[in-house]
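The next block holds one structure in the form of structure tokens; read it before the comments.
The values are calculated or read from the model by the stated rules, or taken from the named source; none is laboratory data. Everything quoted here is computed from the prediction, not taken from an experiment. Don't worry about glycine lacking a Cβ; one is built from the backbone with ideal geometry, like all the others, and counts go over all protein chains shown. SASA here: full protein model, heavy atoms, side chains in, ligands and nucleic acids out. Shrake-Rupley method; radii C 1.70, N 1.55, O 1.52, S 1.80 Å.
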Amino acid sequence: MELEEVEEIVKKILGNFKKVEFEGSDIVIYVDNPNVIYSNEALLKQLATTLKKKIIARSLNLKKEEETKEEILKIIPKEAGVKNITFQEKFGEVYIEALKPGLVIGKKGLNLREIIERTGWVPKPIRTPVINSETINIVRSLFFKTQKERKRFLAEVGKKINRKIQEKSEHVKVIALGGFRQVGRSCLLVQTKNSKILIDCGISPEPGVLGIEEAEKAFPYLNSLGFPLEEIDAVVVSHAHMDHIGFIPYLFAYGYDGPVYATPPTKELAALLLLDYINVVEKSGHKPPYSSKDVKKMLTHFITREYGEVTDITNEIKLTFHNAGHILGSAMVHLHIGEGLHNLVYTGDIKYGFSRLFETAETKFPRIDSLFIESTYGGKQDIMPKRHEAEIRLMRRIKETIESGGSVLIPLFSVGRSQEIMVVIDEYIKNKNYEFNAPVYLDGMILEASAIHTIYPEYLKEGLQRKVLNNRSPFENPIFEIVKKDKKEIVENGSSVILASGGMLNGGTSLEYLKLMAENPKNLLVFVGYNSPTSLGRKIQNGAREVALLDDEGKLKKYNLNMQVETIEGFSGHSDRVQLLNFVQNLQPKPKKIFVMHGEEEKSIQLAQAIRNITRIQTTVPNNLDIVELC
Ligand SMILES: [Zn+2]
């Protein structure tokens, strides 16, 4: 739609207005009093459905910042715990950071409306993290500092999205750029005559520490795009694990300047993991494929959307995120292409089953023609024990180890499994079930990741959400201690549980602890998550009891693994084979074609066979670099 057309429609519906403009995929309407629009639901709905866009109302008459601040503090009750008030003049918005955003909003949004009425500014309540977090500070201050750039960028994106289509697209194809017949470097290009969309752009989690030297094995095949990076219209992100986001800043380092669509929590989690990745690579003496400047550039290009919001990302493609149940903010990607030309669902990583943190993955979509589904645990053997049994086994083994004077090491991905295990430990201790008397140390980025969970309670399961809102969050249980002392001292003192980042023991703090704990047979090493085939974690799972690792002086040293080793399955954030098959069977509507991805080759093939047998739907396993014509 051209701007003139929009103006005409707005005039018809609204009568008076000052100005309209495109901002990303939204339409901003400037009026004297934005409350006229915001307080009239029927009117807002009429505008949104006629224009088929999200409507933002703004005033050009903004009260002075100092006076507005005073007004805000008068309207909002003290108990809300307002920490910061930040003005974003370019957007006519004022961000109110508070311990209790619910009280900032007021009953039925009354406080917010009063602020608009009295000041012209549109208030945006945000939550103060209960756990101090460097990452949240970085992301928020960067956001506030870059309003000029963001305004310019969004206008640009808006112009592109609303370009008139010269000739309708008649076909859709995808190119598998990474993450097919393997776990790692997920990247899928969706291409039509008019649009080029990249879904995910990750790196492989091995050989552990990756520099630009490992490009061949570790990064997506961007050379096979067939066009320069700046021609990509949009990058869509399913969730913030490195195998899905790890290579996005590279796009910005080499010419991409467009939007990155993701859910709000994905933004903070991505900042945490990407900045850490650069650090780890540099420390190891390798060259990272991009710099922190590129990560920051990426962050200013984020456009965040909640589950269920429909958004135009090109002039012919609509994007909707659906809950995937895998980690905080994880989403399945639904693309509606052309007017009914094709509907594609890309699952990313999904949990279709019980977890303590998230609701299970959604199975209802408006339409599905082709489905791209993960297969991490799609193999014949991948049937996991019941969650309840897994929890009891973990708690029992921790208790036994502590009581015999040993310590427990649990290597974890800092985002996802760490919080799940923390919630389990908190729950059992509070219910005096398998209690143990020892501290639980958190090392690496686990606490930072947990802090990010506390600012997005609405993304957590209801019961947990309530605990976070009432300041009874499991992440604040005093049993959890951040590691401030020497690792050696912790290990020598004995009787402790250590949750350390570096899930596959390929690097990270878990490896440091392993060296210190390996030789004592009283200690216990527990795996609760995925280990890639060549990772040290997998080698140990397969029985390796003598490992050569670099010692403190950088010399190769042989370590005897006398400690006990145990794998407890059932905690995964991925669906097991049964859950994946249930997911496909419960999908509404049924897809016409299924493509299996994100799994070791054998597992992908085994899952595809099973899906074919059960559903009779055409199911294939593409290779990396395959071009698949969808329609
Ligand atoms: Zn994942």
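For segment 178-205: of the residues being charged (D, E, K, R) and on the phi < 0 side of the Ramachandran plot, which is surrounded by the most Cβ atoms within 10 Å (Cβ to Cβ)?
Taking segment 178-205 as the starting set, the residues that turn out to be charged (D, E, K, R) are 181, 185, 193, 196, 200.
If we keep only those that are on the phi < 0 side of the Ramachandran plot too, we end up with 193, 196.
Details: Lys193: 14, Lys196: 19.
Once the filter is applied, the top-ranked residue is Lys196.
I need every pair where a residue in segment 347-359 that is within 19 Å of Ile373 (Cα to Cα) and of a type in the set (A, V, I, L, M) has its Cβ under 9 Å from the Cβ of a residue that is more than 11 Å from the ligand (Cβ to nearest atom) and not in a loop (DSSP other than H, G, I, E, B), sequence separation at least 6 or different chains.
Ile350/Met332; Ile350/Ile373; Ile350/Gln579; Ile350/Leu580; Ile350/Phe583
Mind counting the residues in segment 233-251 that are open to solvent by 10 Å² or more (accessible area, probe 1.4 Å) and more than 15 Å from the ligand (Cβ to nearest atom)?
Summing the residues that are open to solvent by 10 Å² or more (accessible area, probe 1.4 Å) and more than 15 Å from the ligand (Cβ to nearest atom) in segment 233-251 gives 2.
Which strands (runs of 3 or more DSSP E) does segment 518-622 wholly contain that include 1 or more residues that are under 29 Å from the mean Cα position of the chain (by Cα)?
Numbers: elements: 524-527, 546-550, 556-560, 564-567, 593-597, 618-620.
Hits in segment 518-622: 524-527, 564-567, 593-597, 618-620.
Taking segment 563-586 as the region of interest, how many residues are more than 16 Å from the ligand (Cβ to nearest atom) and out of contact with any helix residue (DSSP H, G or I) (no Cβ under 9 Å at 6 or more places or on another chain)? Explain how you work it out, then say what you get.
Restricting attention to segment 563-586, the residues satisfying the condition of being more than 16 Å from the ligand (Cβ to nearest atom) are 563-570, 577-578, 581-582, 584-586.
Within this subset, residues satisfying the condition of being out of contact with any helix residue (DSSP H, G or I) (no Cβ under 9 Å at 6 or more places or on another chain) are 578, 582, 586.
Selection size over segment 563-586: 3.
Scan segment 512-524 residue by residue and report those that are in contact with a strand residue (DSSP E or B) (Cβ under 7 Å, 6 or more places away or on another chain) and either hydroxyl-bearing (Ser, Thr, Tyr) or under 23 Å from Lys555 (Cβ atoms) (or both).
Hits for segment 512-524 are Tyr513, Leu514, Lys515, Met517, Ala518, Glu519.
Filtering segment 442-460 down to residues that are outside any helix (DSSP H, G or I) and more than 28 Å from Leu409 (Cβ to Cβ), which residue is least open to solvent (accessible area, probe 1.4 Å)? Don't jump to the end; show me each part of the working.
As a first pass, look at segment 442-460 and keep what is outside any helix (DSSP H, G or I): 442-445, 455-456, 460.
Imposing the further condition that a residue be more than 28 Å from Leu409 (Cβ to Cβ) reduces the set to 455-456.
Values: Ile455: 10, Tyr456: 29 Å².
Among those that are outside any helix (DSSP H, G or I) and more than 28 Å from Leu409 (Cβ to Cβ), it is Ile455.
So which residues in segment 121-165 are of a type in the set (Gly, Ala, Ser) and modelled with pLDDT of 95 or more?
Narrowing segment 121-165 to residues of a type in the set (Gly, Ala, Ser): 133, 141, 155, 158.
Answer for segment 121-165, where residues must be of a type in the set (Gly, Ala, Ser) and modelled with pLDDT of 95 or more: Ser141, Ala155, Gly158.
Among the residues of segment 479-504, which ones are modelled with pLDDT of 90 or more, touching a Ser or Thr at 6+ places or on another chain (Cβ under 8 Å) and open to solvent by 10 Å² or more (accessible area, probe 1.4 Å)?
Matches in segment 479-504: Lys487, Val491, Ser495.
For segment 252-294, which positions are within 16 Å of the ligand (Cβ to nearest atom), hydrophobic (A, V, I, L, M, F, W, C) and under 17 Å from Glu134 (Cα atoms)?
Those that are within 16 Å of the ligand (Cβ to nearest atom), hydrophobic (A, V, I, L, M, F, W, C) and under 17 Å from Glu134 (Cα atoms): Leu269, Ala270, Leu272, Leu273, Leu274.
With the condition kept exactly as written, say whether any residue in segment 431-454 is closer than 30 Å to Arg140 by Cβ and among the acidic types (Asp, Glu).
Residues of segment 431-454 closer than 30 Å to Arg140 by Cβ: 440-454.
With the extra rule that they be among the acidic types (Asp, Glu), the set shrinks to 443, 448.
Scanning segment 431-454 turns up at least one residue that is closer than 30 Å to Arg140 by Cβ and among the acidic types (Asp, Glu).
Return the total of residues in segment 225-246 being part of a loop (DSSP other than H, G, I, E, B), in contact with a Leu (Cβ under 7 Å, 6 or more places away or on another chain) and not small (Gly, Ala, Ser).
Number of matching residues: 1.
Checking the conditions here, which among Met395, Met332 is open to solvent by less than 10 Å² (accessible area, probe 1.4 Å) and over 25 Å from Val235 (Cα atoms)?
Residue meeting the stated conditions: Met395.
A quick yes/no check of all residues on (1) free of Cβ contacts under 8 Å to residues at least 60 places away in the same chain; (2) touching a Leu at 6+ places or on another chain (Cβ under 9 Å):
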site: Ser501; (1), (2): no, yes
site: Tyr513; (1), (2): no, yes
site: Tyr530; (1), (2): no, no
site: Ile540; (1), (2): yes, yes
site: Leu550; (1), (2): yes, yes
site: Phe571; (1), (2): no, yes
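Which members of segment 414-457 meet the condition of being farther than 15 Å from Pro474 by Cα and either within 16 Å of the ligand (Cβ to nearest atom) or touching a Cys at 6+ places or on another chain (Cβ under 6 Å) (or both)?
Ser414, Val415, Met445
Name the one entry in Asn33, Asn16 that is surrounded by 14 or more Cβ atoms within 10 Å (Cβ to Cβ) and assigned to a loop (DSSP other than H, G, I, E, B).
Unique residue meeting the criteria: Asn33.
With the requirement that a residue be touching a strand residue (DSSP E or B) at 6+ places or on another chain (Cβ under 9 Å), free of Cβ contacts under 8 Å to residues at least 60 places away in the same chain and assigned to a loop (DSSP other than H, G, I, E, B), what does segment 247-272 give you?
Passing the criteria: only Tyr256.
Report yes if some residue within segment 478-498 is touching a Lys or Arg at 6+ places or on another chain (Cβ under 7 Å) and at negative phi; otherwise report no. Before you say what the answer is, go through the steps one by one.
From segment 478-498, those touching a Lys or Arg at 6+ places or on another chain (Cβ under 7 Å) are none; that's our starting set.
Within segment 478-498 (the criterion being touching a Lys or Arg at 6+ places or on another chain (Cβ under 7 Å) and at negative phi), the answer is no, since none of the residues qualifies.
Quickly run through segment 484-504 and pick out the residues that are within 16 Å of Ile421 (Cβ to Cβ) and among the aliphatic types (A, V, I, L, M). Lay out the reasoning, then the answer.
Residues of segment 484-504 within 16 Å of Ile421 (Cβ to Cβ): 496-504.
Scanning segment 484-504 gives Val497, Ile498, Leu499, Ala500, Met504.
Please state which of the following conditions Arg616 fails to meet, knowing it meets all the rest: (1) in contact (Cβ under 8 Å) with a residue 40 or more places away in the chain; (2) charged (D, E, K, R); (3) more than 26 Å from Ser224 (Cβ to Cβ).
(1)
I'd like to know if segment 277-292 contains one or more residues that are touching a residue at least 24 places away in the same chain (Cβ under 8 Å), among the acidic types (Asp, Glu) and either open to solvent by 30 Å² or more (accessible area, probe 1.4 Å) or under 27 Å from Gly503 (Cβ atoms) (or both).
At the first step, the residues of segment 277-292 found to be touching a residue at least 24 places away in the same chain (Cβ under 8 Å) are 277, 280-281, 284, 286-291.
Now restrict to residues that are among the acidic types (Asp, Glu): none.
The answer is no, given that none of the residues of segment 277-292 is touching a residue at least 24 places away in the same chain (Cβ under 8 Å), among the acidic types (Asp, Glu) and either open to solvent by 30 Å² or more (accessible area, probe 1.4 Å) or under 27 Å from Gly503 (Cβ atoms) (or both).
Which residue is nearest to the chain's Cα centre (by Cα), if the candidates are limited to segment 374-385 and must be within 14 Å of the ligand (Cβ to nearest atom) and under 12 Å from Met597 (Cβ atoms)?
Start the filter on segment 374-385 by keeping residues that are within 14 Å of the ligand (Cβ to nearest atom), which leaves 374-377.
Then drop every residue that is not under 12 Å from Met597 (Cβ atoms), which leaves 374-376.
On the way: Glu374: 16, Ser375: 19, Thr376: 18 Å.
Per the stated criteria, the residue is Glu374.
Among Lys558, Lys593, which is open to solvent by 10 Å² or more (accessible area, probe 1.4 Å) and modelled with pLDDT under 95? Break it down into steps so the answer makes sense when it comes.
Values: Lys593 fails: modelled with pLDDT under 95.
Result of the check over Lys558, Lys593: Lys558.
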